[in-house]
Amino acid sequence: MGPHTLDSSRRKPFWDLLAVLLAVLAVLGARLVAQSRPDGTQQEKPAPQSLSVPGPVVNGTPDDPLRDPREVHLRHVKQITFGGQNAEAYFSFDGKRLLFQSTRPPYSCDQMFIINVDGSDVHLVSTGKGRTTCGYFYPDGKHILYSSTHLSSPDCPPRPDYSKGYVWGVYSSFRIFYATDRGEILKQLAPAPGYNAESTLSGDGKKIAFTSSRDGDLDLYTMNADGSGVQRLTNVLGYDGGPFFSPDSQWIVYRAHHPAGAEEVERYKSLLAQDLVEPLLMDLYVMRADGSNQRQITQLGGASFAPSFFPDSRRIIFASNYESPGTSNFELYTIDRDGGDVERVTFTGGFQAFPMFSPDGRKLVFASSRNAKQPHEINIFTADWVR
């Protein structure tokens, strides 16, 4: 979902896009990131800054205190969660509610919650056991989709071993579930060994896109909304994740990194065997909903993740740290579906990710460290979108 998450495009998307994306705030400050010079040699970047202090304070205006004046596409920025780590908030098809993941008392790792767009009526809709990630509404508003590890253990899975570097856990205990919006699990969808998560529904409600390691790599798949008809879409070694359908259901945008060279390939395979990935470099890709016409649309450096489409299905909004590679400073950007016209949206510093438009295109929801009162705090914000 984070990045996936850095991510998963809602997704890991950061990306949590994976729930573990939230660990970015604690980890990036401890790692030196090597970047290649044009001549192929390596230079060491300064250690990334972790958000060890409360998040950035926005120098807003009296009538819009949580909006930086440079954020010209946003108006009436509103904070709707307060405290904890909250991420991957995605609109219901009627635009009235949000489904999101949160680590908050009494839970030690992410659970799924529903909240009204105005911030009222927050309530748990997952089991309260294991770890969850990547929740999404069905069109009827009465059913939801999310992934959870609770079948493997009621406890939170162990955090990744950060002695191996900045890594995300892609837990092989994640399974995808179909449930009611009241929290009753009705069915496990497309069960298979390995990591199964980062699921989202097409705009017409007929297809689910998701990431799975069922065939030995982290690839993208689709299935029917009832879990039948699983089809593999990607087949290049590397992490393909965080898929998001366009509203017209014709396209999928996702994040990916495909290792190059024997050493990088070996490291990727070694980490994946331990249910880990290293998401320091990620770019955005698009393809047709059937998997055809796959192409890379960013080459920005750093990690770009959590992409989703504008309502017109032609433009994409996403999170990236490409202007501060190797740090936890992620901002929101927009880009055309063909890779042109990159525009920066947010300017507050800290962590901004998991953007999604309401179905009518009038509102944007996103996760942010702005206005945080405690270290590593991330909250959900909404804003009116100004074209």
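The values are calculated or read from the model by the stated rules, or taken from the named source; none is laboratory data. Quick caveat: nothing in here was measured; it's all calculated off a predicted structure. Cβ atoms come from the backbone with ideal geometry, glycine included; neighbour counts cover every protein chain shown.
Can we say Pro56 is surrounded by fewer than 14 Cβ atoms within 10 Å (Cβ to Cβ) and in a loop (DSSP other than H, G, I, E, B)? It is false that Pro56 is surrounded by fewer than 14 Cβ atoms within 10 Å (Cβ to Cβ) and in a loop (DSSP other than H, G, I, E, B).
Filter region 119-141 down to the residues that are hydroxyl-bearing (Ser, Thr, Tyr) and within 14 Å of Cys156 (Cα to Cα), then identify the one that is surrounded by the fewest Cβ atoms within 10 Å (Cβ to Cβ). Among those that are hydroxyl-bearing (Ser, Thr, Tyr) and within 14 Å of Cys156 (Cα to Cα), it is Thr127. Are any residues in region 182-220 of a type in the set (Asp, Glu) and either crowded, with 20+ Cβ neighbours inside 10 Å or over 21 Å from the mean Cα position of the chain (by Cα) (or both), and if so, which ones? Matches in region 182-220: Glu184, Glu198, Asp204, Asp215, Asp219. Taking the criterion of being out of contact with any Leu (no Cβ under 8 Å at 6 or more places or on another chain), more than 11 Å from Ile378 (Cα to Cα) and in a strand (DSSP E or B), the residues of region 82-100 that qualify are Arg97, Leu98, Leu99, Phe100. The set of residues from region 315-326 being among the polar types (S, T, N, Q) and buried (at least 22 other Cβ atoms within 10 Å of the Cβ) comprises Ser320, Asn321.
For region 84-96, filtering for residues that are crowded, with 20+ Cβ neighbours inside 10 Å and either out of contact with any strand residue (DSSP E or B) (no Cβ under 8 Å at 6 or more places or on another chain) or at negative phi (or both) leaves 7.
One line per residue, one yes/no per condition, for (1) among the hydrophobic types (A, V, I, L, M, F, W, C); (2) touching a Cys at 6+ places or on another chain (Cβ under 9 Å); (3) at pLDDT below 95; (4) more than 26 Å from Ser102 (Cβ to Cβ):
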| position | (1), (2), (3), (4) |
| --- | --- |
| Glu331 | no, no, no, no |
| Ile335 | yes, no, no, yes |
| Gly339 | no, no, no, yes |
| Thr346 | no, no, no, no |
| Asp360 | no, no, no, no |
| Leu364 | yes, no, no, no |
| Arg370 | no, no, no, no |
| Gln374 | no, no, yes, no |
| Asp384 | no, no, no, no |
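Within region 102-117, not a single residue is among the hydroxyl-bearing types (Ser, Thr, Tyr), modelled with pLDDT of 95 or more, under 24 Å from Tyr221 (Cβ atoms) and touching a strand residue (DSSP E or B) at 6+ places or on another chain (Cβ under 7 Å).
Let's see how each residue does on (1) in a strand (DSSP E or B); (2) of a type outside the set (Asp, Glu):
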residue	(1), (2)
Asp226	no, no
Thr234	no, yes
Leu237	no, yes
Pro247	no, yes
Tyr254	yes, yes
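The residues of region 32-53 that are in contact with a Leu (Cβ under 8 Å, 6 or more places away or on another chain) and either surrounded by 13 or more Cβ atoms within 10 Å (Cβ to Cβ) or at pLDDT 85 or above (or both), listed by number, are Val33, Lys45, Ala47, Pro48, Gln49, Ser50, Leu51. Could you look through region 159-181, keep only residues that are out of contact with any strand residue (DSSP E or B) (no Cβ under 7 Å at 6 or more places or on another chain) and of a type in the set (Phe, Trp, Tyr), and pick out the one that is surrounded by the fewest Cβ atoms within 10 Å (Cβ to Cβ)? Only one residue fits best here, namely Tyr162.
A quick yes/no check of all residues on (1) more than 21 Å from Lys207 (Cα to Cα); (2) of a type in the set (Phe, Trp, Tyr):
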| residue | (1), (2) |
| --- | --- |
| Ser249 | no, no |
| Arg255 | no, no |
| Pro259 | yes, no |
| Tyr268 | yes, yes |
| Leu276 | yes, no |
| Leu280 | yes, no |
| Asn293 | no, no |
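Among residues of region 164-180 being among the small types (Gly, Ala, Ser) and under 12 Å from Glu278 (Cα atoms), the one that is modelled with the highest pLDDT is Gly169. Does region 114-129 include one or more residues that are touching a Ser or Thr at 6+ places or on another chain (Cβ under 9 Å), charged (D, E, K, R) and within 20 Å of Leu364 (Cα to Cα)? Yes, that holds for at least one residue.
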